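Please read the structure below before turning to the comments.
The values are calculated or read from the model by the stated rules, or taken from the named source; none is laboratory data. Please read these numbers as outputs of a predicted model, since none were measured by experiment. Note that we place each Cβ from the backbone using ideal geometry, even for glycine, and neighbour counts take in every protein chain shown. The area values use the complete protein model at the heavy-atom level, side chains included, leaving out ligands, DNA and RNA. Shrake-Rupley method; radii C 1.70, N 1.55, O 1.52, S 1.80 Å.
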Amino acid sequence: MNEYDSDRIKNALDAEPTDDPKKADIIIINTCAIREKADQKAFSSLGKYKHIKANDPSKIVGISGCVAQLYGDKLLKKIPHLDFVLGPRAIPKLPDIIAKIEQDKKRTVETSYDIEELFEVEPYHQKGKVTAFVSVQQGCNKRCTYCIVPNVRGDEVNRPLPDILRETTNLVNKGVREITFIGQTVNSWKENGNKFGDLIREAGDIEDLERIRFTTSYPRDITKKMIDAMKDVPQVCHHLHLPVQSGSNEMLRGMKRTYTREWYIDTIARLKDAIPDITISTDIIVGFPGETDKDFEETMSLMREIEFESSYSFKFSPRPGTPAAELALEEAVDPEVASARLTELQAFQKEITATKNEGRIGQIEKVLVEGESRNDPEFLSGRTDHNRILNFRGTKDLVGKIVDVKVTEGLLNSLRGELVV
Ligand code: SAM
């Protein structure tokens, strides 16, 4: 989501991007507030630009994203070298804000939720890139007790279907072959009588679009209609990121996730019935207030039962204004216990992922070639249908094509293979 917003910011500015802050006229830190660590990172990044601004006061320094929304004008008070604060919904206002600062030399805060042209600015597209995100939704209507997203991104607003299809078609016309639809709970998307399954079917009719992915799905919004569309539309990749957060019903209730462990397991079974080779990844929080050893063991047993392809796991971080932060005042898990649980869980996930990757040796995978491998230019890199990175020797003319690659090595975070000719 933040990557997409950063690309929208680039486009809104209509300026040449640079990696060198000293050469930039405008420096914007796009931030995430989901956990305390991310939030602190934003402040330390801002600190880095203090001297650049001191040496050249004509430079404009701004902060955008969820940290900007969360602290608003407090940021201007705290950080003297900051020129503007821009909430995630206000990106379309950016050109006006910059023009005003240049004209009036006045520091500005824009954190209103009430932005008419919410989806108006489309993201910057780097020439030659074969994958792209398309936002279908902003904000969130779920009220997970640990989560700050609804506080900083507002309620769910769904983008009209014609807009989504137009942006997707434009990207395909520029050479994009894989689209990832994004939204906080992407599969709760509905608009004008259409549901998420209809969106997938419509996208499937776009000529030359070869792959469709979407993230993040919310378990309770997985419907039969959605599963049928995933099964019927051949471009839909057979991988789903489905955050479970915990294997304990007690914790799920405390988190207000609105499903039980049994319901989640049954949903995976329904998905596998329809799409037998589908792979599932997830998000997990450990150390949620009140989490006992038994609750944690239930998360571990769920991991043994489902064998997620991969998972992102986090130590609970109390966020300002959330119900779970209040709960943590009384029922906080000892940070050392939470760290030990996280270490145990991540080590177990590594084992599962490694076993699964080794199990793919000898298989032929369809890979959309995205470009040269970051570590070795003699290798090309792409992702399999199941969202695994696969590197193999090949020439650059294959970028943008879907090719068959035989897996020869299963590493921890990626696969290696040989092009099948
Ligand atoms: N709407 C997305 C969802 O529900 O999956 C939000 C994704 S959030 C950016 C990614 C993950 O961060 C969540 O799935 C959750 O596991 C984790 N997370 C969110 N709030 C957290 C918190 N307060 N402490 C620790 N992890 C958190």
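Quick grid of which residues meet (1) surrounded by fewer than 20 Cβ atoms within 10 Å (Cβ to Cβ); (2) without any contact (Cβ under 8 Å) to a residue 40 or more places away in the chain; (3) of a type in the set (S, T, N, Q):
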site	(1), (2), (3)
318	yes, no, no
348	yes, no, no
351	yes, yes, no
364	yes, no, no
376	yes, yes, no
382	no, yes, no
Completion exercise
Inside segment 106-155, the number of residues satisfying the requirement of being within 16 Å of the ligand (Cβ to nearest atom), farther than 30 Å from residue 402 by Cα and β-branched (Val, Ile, Thr) is 4
Practice task
Would you check which residues across segment 324-333 are surrounded by fewer than 17 Cβ atoms within 10 Å (Cβ to Cβ) and under 21 Å from residue 153 (Cα atoms) and list them?
Solution key: 326
Problem - Which numbered condition residue 332 misses (of (1) more than 30 Å from residue 405 (Cα to Cα); (2) away from the ligand (no atom under 13 Å from the Cβ)) - result: (2)
Practice task
Run residue 201 past the list (1) open to solvent by 50 Å² or more (accessible area, probe 1.4 Å); (2) touching a residue at least 40 places away in the same chain (Cβ under 8 Å) and report the number of the one that doesn't hold.
Solution key: (2)
Exercise for the section: Could you check residue 265 against (1) out of contact with any helix residue (DSSP H, G or I) (no Cβ under 6 Å at 6 or more places or on another chain); (2) surrounded by 21 or more Cβ atoms within 10 Å (Cβ to Cβ) and say which number it fails? Expected result: (2)
Handout entry: Failed item, numbered, when residue 338 is tested on (1) open to solvent by 30 Å² or more (accessible area, probe 1.4 Å); (2) in contact with a strand residue (DSSP E or B) (Cβ under 7 Å, 6 or more places away or on another chain); (3) within 16 Å of the ligand (Cβ to nearest atom); (4) over 30 Å from residue 272 (Cα atoms)
Key = (1)
Completion exercise
Counted residues in segment 138-166 being open to solvent by less than 10 Å² (accessible area, probe 1.4 Å) and free of Cβ contacts under 8 Å to residues at least 60 places away in the same chain come to 3
Handout entry: Which listed residue is away from the ligand (no atom under 13 Å from the Cβ), of a type outside the set (Val, Ile, Thr) and under 23 Å from the mean Cα position of the chain (by Cα), from 242, 271
Key = 271
Fill in the blank from the handout: Within segment 300-316, of all residues that are among the aromatic types (Phe, Trp, Tyr) and surrounded by 19 or more Cβ atoms within 10 Å (Cβ to Cβ), the one nearest to the ligand (Cβ to nearest atom) is 316
Exercise for the section: Would you confirm whether any residue within segment 167-176 is open to solvent by 10 Å² or more (accessible area, probe 1.4 Å) and closer than 30 Å to residue 327 by Cα? Expected result: no
Practice task
Could you list, in sequence order, all residues of segment 275-299 that are open to solvent by less than 20 Å² (accessible area, probe 1.4 Å) and away from the ligand (no atom under 16 Å from the Cβ)?
Solution key: 275, 278, 279
Fill in the blank from the handout: Within segment 384-400, of all residues that are of a type in the set (A, V, I, L, M) and either over 19 Å from residue 279 (Cβ atoms) or in contact with an Asp or Glu (Cβ under 8 Å, 6 or more places away or on another chain) (or both), the one surrounded by the fewest Cβ atoms within 10 Å (Cβ to Cβ) is 398
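What number of residues in segment 270-301 are in a loop (DSSP other than H, G, I, E, B), under 29 Å from residue 226 (Cα atoms) and charged (D, E, K, R)?
Result for segment 270-301: 1.
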Practice task
Would you confirm whether any residue within segment 1-20 is modelled with pLDDT of 90 or more, touching a Ser or Thr at 6+ places or on another chain (Cβ under 8 Å) and more than 30 Å from residue 317 (Cβ to Cβ)?
Solution key: no
Problem - Evaluation of residue 258 against (1) more than 20 Å from residue 139 (Cα to Cα); (2) within 15 Å of the ligand (Cβ to nearest atom); (3) surrounded by fewer than 16 Cβ atoms within 10 Å (Cβ to Cβ) (one fails), failing number - result: (1)
Exercise for the section: Could you please let me know if residue 180 is without any contact (Cβ under 8 Å) to a residue 60 or more places away in the chain and either under 28 Å from residue 396 (Cβ atoms) or more than 14 Å from the ligand (Cβ to nearest atom) (or both)? Expected result: yes
